[in-house]
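Chemist: Below is one structure. I have some questions about it.
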Amino acid sequence: MSRDAVPRFTPEQRGVLEAGLVQIVAEREAREWVAAINAVLPTLAVAVTAAVERETRGREA
């Protein structure tokens, strides 16, 4: 394939393509964060509950 066969994009088209790629990457990272948070949420809930119970018992004593 010759160099002339490479598609050329206008600055506007490049901007649209780059914005789309940024959005795709951001959505993927957001899904990864949600999955990571959901994975640790049960452990976090137990830890927070235990801390609150300890704090409550400390105030009652």
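The values are calculated or read from the model by the stated rules, or taken from the named source; none is laboratory data. Model, not experiment: these values are computed from the prediction. Quick reminder, even Gly has a Cβ in these numbers, built from the backbone with ideal geometry, and neighbours come from all protein chains shown.
Chemist: State whether the residues of region 5-26 include one that is exposed (fewer than 10 other Cβ atoms within 10 Å of the Cβ), of a type in the set (D, E, K, R) and at negative phi.
Modeler: Yes, region 5-26 contains a residue that is exposed (fewer than 10 other Cβ atoms within 10 Å of the Cβ), of a type in the set (D, E, K, R) and at negative phi.
Chemist: Separate question: Could you check how many residues of region 1-41 are among the aromatic types (Phe, Trp, Tyr) and modelled with pLDDT under 95?
Modeler: The number of residues fulfilling the criteria is 1.
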